[in-house]
Amino acid sequence: MIFYQVDSPFWALLIVEKKEDCLPLYEKWIGEVEDRNEFFNELIPLNRNEAIKVMAKTISEETMQPIGMEEAMRSITNAIKQKKAKVLGIDRSLCS
């Protein structure tokens, strides 16, 4: 499984089996992508530790506070074990 950070049009943290899986996952859960080439060119691959650090800074919908390293590590570990493409974090502006 590979982690990718998307910065535009809306921020997202994704875990996928291969890079090509990012676009359909993003469009299903986040929003439409106008320029597919630009989308793929701007994907930022992350290793497990980088993904944990990024996810630790995401804001919990319940507490409105960063989820922290412990919760991020648990979420990332579970996502790897499940071996299923999913969105791990999204732009805060999409949550309101």
Query raised in the report: Which residue out of Glu42, Glu70, Glu61, Glu50 is more than 14 Å from Val16 (Cβ to Cβ), in contact with a Ser or Thr (Cβ under 8 Å, 6 or more places away or on another chain) and among the charged types (D, E, K, R)?
Result: Glu42
Requested in this report: Quickly run through the stretch 4-33 and pick out the residues that are crowded, with 18+ Cβ neighbours inside 10 Å and among the hydroxyl-bearing types (Ser, Thr, Tyr).
Outcome: Tyr4, Tyr26
Report task. Taking Ile59 as the residue in question, decide whether it is surrounded by 13 or more Cβ atoms within 10 Å (Cβ to Cβ), more than 21 Å from Lys28 (Cβ to Cβ), among the β-branched types (Val, Ile, Thr) and at pLDDT 95 or above. Result -> no
Query raised in the report: Is it fair to say Glu71 is touching a residue at least 12 places away in the same chain (Cβ under 8 Å), acidic (Asp, Glu) and assigned to a loop (DSSP other than H, G, I, E, B)?
Result: no
Report summary line: Per the filter on the stretch 62-96, residues on the phi > 0 side of the Ramachandran plot and surrounded by 13 or more Cβ atoms within 10 Å (Cβ to Cβ) are Gly68
Query raised in the report: Within the stretch 47-54, is even one residue in a loop (DSSP other than H, G, I, E, B), in contact (Cβ under 8 Å) with a residue 12 or more places away in the chain and under 15 Å from Ile2 (Cα atoms)?
Result: yes
**Report entry** Per-region count, the stretch 20-46, residues in contact with a strand residue (DSSP E or B) (Cβ under 7 Å, 6 or more places away or on another chain) and either closer than 14 Å to Ile2 by Cα or modelled with pLDDT of 95 or more (or both)
**Finding:** 7
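The values are calculated or read from the model by the stated rules, or taken from the named source; none is laboratory data. Just so we're clear, the structure is a prediction, and the values are computed from it rather than from any experiment. Note that each Cβ is placed from the backbone with ideal geometry, even for glycine, and that neighbours are counted across all protein chains shown.
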